[in-house]
Amino acid sequence: MTRTRFPRSVFRVGTEPDARFTLANERTFLAWTRTALALIAGGVALEALGLDLQVGFRLAASLVLVVAGLALPIWAWVEWMRTERALRTGRPLPGAHTSVVLAIVVVVVGILVLLGIVWR
């Protein structure tokens with residue numbers, strides 16, 4: 001019986017890399033997934049606790065966190081596939097764009113919370 005690995009678009013190219021690199025790539029994907037759960041939890045908590053912030057800014061910050069938490073696992077999956085293909089084909093690893101996007105999200109949420117405190 002032939003074992004088919006998912007996703008085929010990744011595993012049908014190149015050669016099998018050192019397992020340590022593949023497992024490190026998977027751990028990175030799982031870390032981004034945990035981060036996504038934390039973003040969603042933070043967005044829900046921010047709104048559920050009803051902190052003494054201006055309501056519009058609090059809601060906006062909550063929505064940014066939840067939407068980022070929903071999008072992050074998809075983005076992390078794409079990054080995992082790009083990295084795994086690079087490992088399998090011996091190409092240089094792609095840049096980590098996820099970190100930059102997450103940093104921007106955190107700054108935006110921080111600004112929204114700050115504005116919510118100032119204009120309550």
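The values are calculated or read from the model by the stated rules, or taken from the named source; none is laboratory data. Since the structure is predicted, the reported quantities are computational estimates derived from the model, not experimental observations. Positions of Cβ are backbone-derived with ideal geometry, glycine not excepted, and every protein chain shown enters the neighbour counts. We work out accessible area using only protein heavy atoms, side chains counted, and drop any ligands, DNA or RNA first. Shrake-Rupley method; radii C 1.70, N 1.55, O 1.52, S 1.80 Å.
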When the Karplus curve 6.51 cos²θ - 1.76 cosθ + 1.60 is applied with θ = phi - 60°, which whole-Hz ³J(HN,Hα) does each residue of region 15-24 get, with x for Gly and Pro? 10, 5, x, 4, 4, 4, 6, 5, 5, 5
In region 1-63, taking the dipole from +1 charges on Lys and Arg beta carbons and -1 charges on Asp and Glu beta carbons about the Cα centre, the listed residue (Thr15, Leu51, Leu37) farthest towards the positive end is Thr15
What's the long-distance tail for the chain, i.e. % of Cα pairs beyond 18 Å? 59 percent
Principal axis box of region 64-114, alpha-carbon based, largest edge first, Å: 46, 18, 6
Rounded to whole Å², per residue accessible area for the chain with a 1.4 Å probe reads 65 Å²
Express in whole angstrom the spacing between the alpha-carbon centres of region 89-103 and region 1-70. 15 Å
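I need to check one value: relative contact order of region 1-85, counting alpha carbon pairs closer than 8 Å and at least 6 residues apart, in percent.
Relative CO of region 1-85 lands at 42 percent.
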